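The values are calculated or read from the model by the stated rules, or taken from the named source; none is laboratory data. These numbers were taken from a predicted model, which means no experiment stands behind them. Glycine gets a Cβ as well: all are built from the backbone with ideal geometry, and neighbour counts include every protein chain shown.
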Amino acid sequence: MNVDSLYALRDVAGVPSHPILFLVLGVVTFALHMFAVHVMLGGAALTIRGALSQDSYWRQLANAMLSTAKIAVSVAVVIGVAPLLFVQVIYDPFWYTSNVLSAWWVIGFIIILSVAYLLIYLFYFKNEDLTQNKTRCPGSMILSLALFIVVGLIMHTLTNQMLSPDQWMEWYAPQGQIDASGTQLHSINWARFIFMIALAAPVTGAWLYGYRHYISVRPGSDSGYLEFVHTLARKLLAQGSVVSLLIGAIWMVSLPENQTEFLTNPMLYITAVALIALAMVPTLFGSKINNGYTAYWLVAIAFVVIALVAVDREIIRWFALVVESGYNPMDYPINMDWYSTILFFATFAVVGGMACTYLLTVAWQAGQTEGTYTPSVAISRLGNWTIYIIAIWIVHYFAVGFWVWAQ
Ligand code: HEM
């Protein structure tokens, strides 16, 4: 494809800050998105496994994982918006073309996601306490998980199609006949997609270590259940890492030609070593893995592995688009907008910081309390201030908008 046509598709308004900022934020927020997706997929799969079992430990785990999956899906959706914004800003010629080529699926994405989201709540309302030996409507949970995976497949295809500008014309007008329907998913790289999904196993293993520690400090916790969770966590972490590594290797040997330069990139080998190291942490620590905050460190290491995969993914995109197609997002004209840049970081730090601190503190303390949890005066004040700050932010947002419009 002629590189001038790619440049012609750029937004004439330019970008409001240096493109590197959007690139870095895109990678970081994608890593956060994937981590939440993995916890959601793993939590949902364990919920189904436990809900279909009569074993009391499995059912207890299913009960806990249903709550985890419900929250993780909200986090995945909310954080998913961030890489969506960043990829649109610096890779707009590619992202929008890919979206238009599969327009029905882009719209379908929202509908499928909404149905999957409703189904998980349907299952929850039908089974508010899974520890009872009866599961109602397990099909809703199974269908929900399947639809979430379809949602991921759509995102994968959109990402993958943007990497092959040379094939866009063939997809748009196969054998010279224009197909403007947008009903096709043109390019699925199954090894890449399955690798992205399979990483849910080791991440969920690490997550279960954290969960095990979190409940172990409650008075009267059941040691049999803790051991059950520990065994499952170890298995998921070790076997999940090996399986992910093998699928990742298949992805690497089947890389399309315009991405093969990545095979000589040190990041590939660093990521593989990090994945192996993640699987080995419990063996290295032995029973100490359940001491102090070690289990939480394991969750943090799992996040680092996902972040490395996010970096790899960006390097692959760089090879395909910058090196092979000659399009450089770093030379996007900058129309510096200090106000929106400062506002973005201030919102992130102040509004996001306060809301996250409040929610995490409440979740943490409530989980460690027996009986009814009542937050302290300071925590309640933080909650109230979080709401005031959000209200102030919304008023300010519209005030600035009207002021700009009135100019
Ligand atoms: C809840 C179910 C979801 C699943 C299972 C899922 C899964 C995935 C997967 C596997 C990828 C990687 C594709 C690849 O690189 O091959 C991905 C990318 C992405 N996802 Fe999600 N996703 C979900 C929901 C969402 C939502 C709701 C949004 C946005 C509102 C979103 C935004 C994105 C974006 C923007 C990317 C690509 C980012 C980039 O190319 O830089 N995802 N997702």
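Selection within region 59-74: residues that are more than 10 Å from the ligand (Cβ to nearest atom) and surrounded by fewer than 20 Cβ atoms within 10 Å (Cβ to Cβ). The member of this set that is nearest to ARG212 (Cα to Cα) is GLN60. Remark: pairs (first residue in region 264-277, touching a residue at least 24 places away in the same chain (Cβ under 8 Å) and assigned by TED's automatic domain parsing to the domain that holds ALA201; second residue among the hydroxyl-bearing types (Ser, Thr, Tyr) and surrounded by 11 or more Cβ atoms within 10 Å (Cβ to Cβ); Cβ separation under 8 Å; 6+ apart in sequence or on different chains) = LEU275/SER241; LEU275/SER244; ILE276/SER241. The residues of region 16-43 that are more than 10 Å from the ligand (Cβ to nearest atom), farther than 18 Å from VAL81 by Cβ and either without any contact (Cβ under 8 Å) to a residue 60 or more places away in the chain or hydrophobic (A, V, I, L, M, F, W, C) (or both) amount to a single one, ILE20.
For region 167-181, a tally of residues being more than 29 Å from the chain's Cα centre (by Cα) and either touching a residue at least 40 places away in the same chain (Cβ under 8 Å) or within 16 Å of the ligand (Cβ to nearest atom) (or both) returns 3. Among the residues of region 311-330, those that are of a type in the set (D, E, K, R) and within 19 Å of MET1 (Cα to Cα) comprise ARG317, GLU324. You will find that of ILE197, ILE154, the residue that is within 16 Å of the ligand (Cβ to nearest atom), of a type in the set (A, V, I, L, M, F, W, C) and closer than 30 Å to SER53 by Cα is ILE197 and no other.
Any residue at all in region 335-345 that is part of a helix (DSSP H, G or I) and among the polar types (S, T, N, Q)? Yes, the conditions are met somewhere in region 335-345. With respect to (1) more than 20 Å from the chain's Cα centre (by Cα); (2) hydroxyl-bearing (Ser, Thr, Tyr); (3) more than 16 Å from the ligand (Cβ to nearest atom), the lone exception for TYR211 is condition (1). Within the span defined as region 214-222, every residue fails to be β-branched (Val, Ile, Thr) and within 26 Å of ALA146 (Cβ to Cβ). Report yes if some residue within region 335-358 is more than 29 Å from the chain's Cα centre (by Cα), more than 22 Å from ALA72 (Cα to Cα) and polar (S, T, N, Q); otherwise report no. The answer is yes, given that some residue of region 335-358 is more than 29 Å from the chain's Cα centre (by Cα), more than 22 Å from ALA72 (Cα to Cα) and polar (S, T, N, Q).
One line per residue, one yes/no per condition, for (1) surrounded by fewer than 16 Cβ atoms within 10 Å (Cβ to Cβ); (2) in contact (Cβ under 8 Å) with a residue 40 or more places away in the chain; (3) more than 23 Å from the chain's Cα centre (by Cα):
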site	(1), (2), (3)
ILE188	yes, no, no
ILE197	no, yes, no
THR204	no, yes, no
TYR225	no, yes, yes
GLY248	no, yes, no
ASN258	no, yes, yes
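All of GLU314, GLU370 fail the test of being acidic (Asp, Glu) and either at pLDDT below 95 or outside any helix (DSSP H, G or I) (or both), apart from GLU370. Sub-9 Å Cβ pairs linking a first residue in region 370-385 that is touching a residue at least 60 places away in the same chain (Cβ under 8 Å) to a second residue that is assigned to a helix (DSSP H, G or I) and exposed (fewer than 12 other Cβ atoms within 10 Å of the Cβ), at least 6 apart or interchain, number zero.
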